[in-house]
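Worksheet: the structure to be examined is printed underneath.
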Amino acid sequence: MKLSFLLVSLYFWASAQSHDIYVHMMPWFETKESNGGTWGIHWTMANRNPDNIIDGKQDIASFYHPEIGAYASGDPTVIDWQMGYMKTAGIKGIFLDWPGTTQAMDYPKNKENCEAIIAGTERAGLQFAVVYEDNNLNLAGVPDKIAQGTADMEYLQNNYFSKSNYVKVNGVPLLLDFGPQALFDANWDSIFTPLNPKPTFLTLWNQHQQGGSMVAGEYAWVYSNFLDGLNNWYNYQDVPLKVGVAYPGFNSFYEQGGWPGPGFTIPYGTDTFHQTFDLALQHTDIIQICTWNDYGEGTVVEPTLEYGTQFLDIIQQASGTKYTRADFEENTEIFLLRKQHANNATMLAHLEERYRKLIHKHD
């Protein structure tokens, strides 16, 4: 029994080192300080108030609570803390949930946060790629989806694709779409017309037939059929390029938070994470961890009060990185000192240099 477990562990460790591991990241969290005096809706949903403390924890729209408290996604100090954990865990970069350029609802603020996060990836020496939310065209009631989609693609080409740390697959920028849900089939050919080169374009799993003539493959996601769905997709979905998925579970807060949304549950914890991570390692070269910080859906691997760094410990051990748990601890210590000394320019400069040394010591 012990020998069998050891062999599986050694296979898992050796296998992970040959894979590119990314995390899916949400840019949509706001505090009262960043949001004009009111908490952002992704912390409150319809009925929560993070100003209230219940059993020592903020009353946020989640079963899990960030180790550093409810935060603003655009806060550079928070971003450095997040990127610091990713880098020291052996994660290669992020797949960033991108709202497009539509001027509606909270999309402009989310886009602004995305660009602060992208700047953070550059500071940390991490890569990034975009997961386009084409459904935002529906939610915003955009009358000409082709025109807006084309404008979004042009923005990506002019502002993101040329960055040295943008993820390239087959020599061209990688673009994922969370769908399709608003643009279908030849719509994608139309909105890609201005792009040169054309991206390596992936749809959500089981939807590549709706991705137009240039679709290159699919990426897996969390769904109610859990391991059955993943095994079926890995073994039987015939697409040229697959990006696998690993996740810790699915424990949505939508019902408790007064929002409509998925009602299924997948047990949340390290067992689920090991199962999905191991499957992805067996079947794909690129893995997306779902997610870094979707607190509402309960798919979080970011350090929390409930689970600490348990999920990042697994990634760190599997990735073969030279970083250790002590580097996790230093990353959080730097964050806390930055907050404590926010008005001390001399101390902040010292902490910035300390962060830089931590994050690049094994580059």
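Points to keep in mind about this one:
- Subset of the stretch 54-77 [crowded, with 24+ Cβ neighbours inside 10 Å and of a type in the set (Val, Ile, Thr)]: ILE60
- Qualifying residue in the stretch 308-331 (condition: touching a Pro at 6+ places or on another chain (Cβ under 9 Å), in a loop (DSSP other than H, G, I, E, B) and not charged (D, E, K, R)): yes
- Some residue of the stretch 319-331 being surrounded by fewer than 15 Cβ atoms within 10 Å (Cβ to Cβ) and among the basic types (Lys, Arg): yes
- Taking first residues from the stretch 27-40 that are of a type in the set (Val, Ile, Thr) and partners that are not in a loop (DSSP other than H, G, I, E, B), the Cβ contacts under 9 Å between residues at least 6 apart in sequence or on separate chains come to THR31/TRP43; THR38/THR44.
- Screening the stretch 275-303 for residues that are part of a loop (DSSP other than H, G, I, E, B) and charged (D, E, K, R) and picking the one that is nearest to PHE264 (Cα to Cα) gives GLU297.
- Among the residues making up the stretch 332-347, those that are surrounded by 15 or more Cβ atoms within 10 Å (Cβ to Cβ) and either part of a loop (DSSP other than H, G, I, E, B) or not basic (Lys, Arg) (or both) are THR332, ILE334, PHE335, LEU337.
- Scanning the stretch 187-227 for residues that are on the phi > 0 side of the Ramachandran plot and in contact (Cβ under 8 Å) with a residue 40 or more places away in the chain returns a single hit, PHE226.
- Any pair with Cβ under 9 angstrom, 6 or more apart, that starts in the stretch 125-137 at a residue that is in contact (Cβ under 8 Å) with a residue 40 or more places away in the chain and farther than 14 Å from ILE289 by Cα and ends at one that is crowded, with 23+ Cβ neighbours inside 10 Å and of a type in the set (Lys, Arg): GLY125/LYS87; LEU126/LYS87
- Among (1) in a helix (DSSP H, G or I); (2) among the hydroxyl-bearing types (Ser, Thr, Tyr); (3) under 12 Å from TRP28 (Cα atoms) - the single one SER73 does not satisfy: (1)
- Every listed requirement among (1) out of contact with any Asp or Glu (no Cβ under 7 Å at 6 or more places or on another chain); (2) under 22 Å from TRP292 (Cβ atoms); (3) at pLDDT below 95 is met by MET1 save one, (2).
- Flag if PRO248 is within 27 Å of HIS42 (Cα to Cα), touching a residue at least 40 places away in the same chain (Cβ under 8 Å) and in a loop (DSSP other than H, G, I, E, B): yes
- Residue count, the stretch 228-245 (criterion: touching a strand residue (DSSP E or B) at 6+ places or on another chain (Cβ under 9 Å), touching a residue at least 40 places away in the same chain (Cβ under 8 Å) and not aromatic (Phe, Trp, Tyr)): 6
- In the stretch 174-192, the residue that is surrounded by the fewest Cβ atoms within 10 Å (Cβ to Cβ) out of those that are more than 23 Å from LYS242 (Cβ to Cβ) and aliphatic (A, V, I, L, M) is ALA186.
- The single residue among TYR219, TYR268, TYR223, TYR254 that is under 21 Å from LEU174 (Cβ atoms), among the hydroxyl-bearing types (Ser, Thr, Tyr), surrounded by 15 or more Cβ atoms within 10 Å (Cβ to Cβ) and modelled with pLDDT of 95 or more turns out to be TYR219.
The values are calculated or read from the model by the stated rules, or taken from the named source; none is laboratory data. Bear in mind the structure is a predicted one, so any value in this text is a computation, not a measurement. For neighbour counting, all protein chains shown are included, and Cβ atoms are generated from backbone atoms with ideal geometry for every residue, glycine included.
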